[in-house]
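One structure below.
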Amino acid sequence: VQLVESGGGLVQAGGSLTLSCATSERTFSRYAMAWFRQAPGKEREFVAHLGWTGGNTRYADSAKGRFTISRYSAKNTLYLQMNSLKPEDTAIYYCAARASVGLRPYEYDYWGQGTQVTVSS
């Protein structure tokens, strides 16, 4: 299972970014997928997940109302639309996949390499 993130970068506070996670059709049609993030010196934390059917979405409290997780089957790609970004959103963002949705990093079997998001104040 290969997961390839893209879309990170440097943005000012209040700005927006959209992260992408590309994978194969086989993975996309069989696995629940999620976004996690890890800031320097901190543990990896859950951001949002999405079931393999496209439903069963859930967000961390820090992401509610600002981030939107979605999927586009035609491109086998998972997205994370991030609005109203804050400096505390600065982290490496990872895409992950497993058979069913979960909230904890250790529950996920497959990971991408991560993409850096930096929000300046």
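The values are calculated or read from the model by the stated rules, or taken from the named source; none is laboratory data. Keep in mind that this is a model prediction, so the values were computed, not measured. As a convention, Cβ positions derive from the backbone with ideal geometry for all residues, glycine included, and neighbour counts pool all protein chains shown. Each accessible area value is taken on the protein alone, full model and side chains, heavy atoms only, with ligands, DNA and RNA left out. Shrake-Rupley method; radii C 1.70, N 1.55, O 1.52, S 1.80 Å.
State whether one or more residues within the stretch 59-67 are surrounded by 19 or more Cβ atoms within 10 Å (Cβ to Cβ) and not acidic (D, E). Yes, there is a match, as at least one residue in the stretch 59-67 is surrounded by 19 or more Cβ atoms within 10 Å (Cβ to Cβ) and not acidic (D, E).
Just one of (1) charged (D, E, K, R); (2) in a strand (DSSP E or B); (3) modelled with pLDDT of 95 or more fails for K64. It is (2).
Scanning the stretch 21-36 for residues that are open to solvent by 10 Å² or more (accessible area, probe 1.4 Å) and touching a residue at least 60 places away in the same chain (Cβ under 8 Å) yields T23, R30, Y31.
Among the residues of the stretch 47-77, those identified as touching a strand residue (DSSP E or B) at 6+ places or on another chain (Cβ under 6 Å) and within 20 Å of Y106 (Cα to Cα) are V47, A48, H49, L50, G51, W52, T57, R58, Y59, A60. Considering the stretch 74-121, and only residues there that are touching a helix residue (DSSP H, G or I) at 6+ places or on another chain (Cβ under 7 Å) and outside any strand (DSSP E or B), the residue that is least open to solvent (accessible area, probe 1.4 Å) turns out to be N76.
Check G51, G55 and return the single one that is open to solvent by less than 20 Å² (accessible area, probe 1.4 Å), at pLDDT below 95 and of a type in the set (G, A, S). Only one candidate passes the filter, namely G51. Among residues of the stretch 38-48 being modelled with pLDDT of 95 or more and under 19 Å from L19 (Cβ atoms), the one that is surrounded by the most Cβ atoms within 10 Å (Cβ to Cβ) is V47. Kindly check whether there is at least one residue in the stretch 77-93 that is at pLDDT below 95, farther than 17 Å from E5 by Cβ and more than 14 Å from the chain's Cα centre (by Cα). So far as the stretch 77-93 goes, no, none of its residues is at pLDDT below 95, farther than 17 Å from E5 by Cβ and more than 14 Å from the chain's Cα centre (by Cα). Of the residues making up the stretch 9-20, those that are in contact with a Gly (Cβ under 9 Å, 6 or more places away or on another chain) and open to solvent by 20 Å² or more (accessible area, probe 1.4 Å) are L17, T18, S20.
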